[in-house]
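Q: Here's a structure for you.
The values are calculated or read from the model by the stated rules, or taken from the named source; none is laboratory data. Since we're looking at a predicted model, the values are computed, not measured. Here the Cβ positions follow ideal geometry from the backbone for every residue, glycine too, while neighbour counts run over all protein chains shown. In case anyone asks, the SASA skips ligands and DNA or RNA and just uses the protein heavy atoms, side chains included. Shrake-Rupley method; radii C 1.70, N 1.55, O 1.52, S 1.80 Å.
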Amino acid sequence: PQQHHVGTTKLLYIQFSYTMGFSRYVEVGRVVLINYGPDAGKLATVIDIVDQNKCLVDGPEEITGVKRQVISYRRIALTDLTVKIQRSARAKTLKAAWKEGDTLAKWEGSQWAKKLAAKKTRAGLSDFDRFKVMVAKKQKSRIIAQKIKELKA
């Protein structure tokens, strides 16, 4: 009788502790950026969820210029900002919540808003303005190159 040696395999279990990267959910009070349509580039707040494809948003109109409307999820981008409101809150309540949470200032302080503002500024430049930017970039890179050369020497 022959004996067969069965090879043993060691399984290595490594325990990972990580937090899920996704944290922006469509919820009542979530501040969204409208990225398509007549209100593109404006902020709004989710007031109610209609179904899996649409939600009810409101500006408030006095602050952001967005009227209360049903909008598709494809037309909005979720931000990190939320406002504490009840479902189907009135415009007056929503405006008060925005002021209390200082939401507009938080948005304007975010990198996303700064990037959009810079993009808008660049789009409005004239030909001569673009030329001045090019010259300034050349001067900056020349100064940096000189400093690096001095440090290496």
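Q: What pairs from Lys67/Lys92; Lys67/Lys115; Lys42/Lys115 go past 21 Å between their alpha carbons?
A: Lys67/Lys115
Q: Tell me, in nm to one decimal, what length is gained between Lys137 and Asp48 on full extension, where the rule is 0.36 nm per residue of separation less the Cα-Cα distance?
A: Full-extension gain reported as 27.3 nm.
Q: Using a Cα-Cα cut-off of under 16 Å, which lysines could be cross-linked to Lys132, ignoring same-chain neighbours fewer than 8 residues away?
A: Within the straight-line limit of under 16 Å, Lys132 reaches these lysines: Lys140.
Q: So with the 1.4 Å probe, I'd like the accessible area per residue for the chain, rounded to whole Å².
A: Per-residue accessible area for the chain comes out at 81 Å².
Q: Per DSSP H run of n ≥ 4, the term is -39500 (n - 2.57); total these for the chain, divide by its residue number, and report the mean residue ellipticity at 222 nm rounded to 500 deg cm²/dmol.
A: One gets -12000 deg cm²/dmol as the mean residue ellipticity at 222 nm.
Q: For the chain, evaluate the Debye formula with one uniform point scatterer on each Cα (no solvent term) and list log10 I(q)/I(0) at q = 0.19 Å⁻¹, rounded to two decimals.
A: Summing over Cα pairs of the chain leads to -1.12.
Q: While we're here: Just to verify a number: FRET efficiency for Ser23 and Tyr73, C-beta to C-beta distance, R0 = 25 Å, to 0.05?
A: Efficiency for this residue pair is about 0.90.
Q: Can you sort Arg30, Arg130 by solvent-accessible area, 1.4 Å probe, largest first?
A: These residues rank, largest area first, as Arg130, Arg30.
Q: Could you look at the chain and say what percent of its accessible area is carbon and sulfur, using a 1.4 Å probe and all protein chains?
A: 55 percent
Q: Another question, if that's okay. Can you give the longest run of the chain that contains no chymotrypsin sites (Phe, Trp or Tyr not before Pro) sitting in a DSSP loop with at most 11 other Cβ atoms inside 10 Å?
A: 26-153
Q: Just report the Cα centroid separation between the stretch 100-153 and the stretch 18-53, whole Å.
A: Comparing the Cα centres of the stretch 100-153 and the stretch 18-53, I get a distance of 29 Å.
Q: On a straight-distance basis, which lysines could pair with Lys147 in a cross-link, Cα separation under 17 angstrom, same-chain partners fewer than 8 positions away excluded?
A: Within the straight-line cut-off, Lys147 pairs with Lys137, Lys138.
Q: Based on the Cβ-Cβ distance of Tyr36 and Lys114, what FRET efficiency does E = 1/(1 + (r/R0)^6) give at R0 = 22 Å, to the nearest 0.05?
A: The value I calculate is 0.55.
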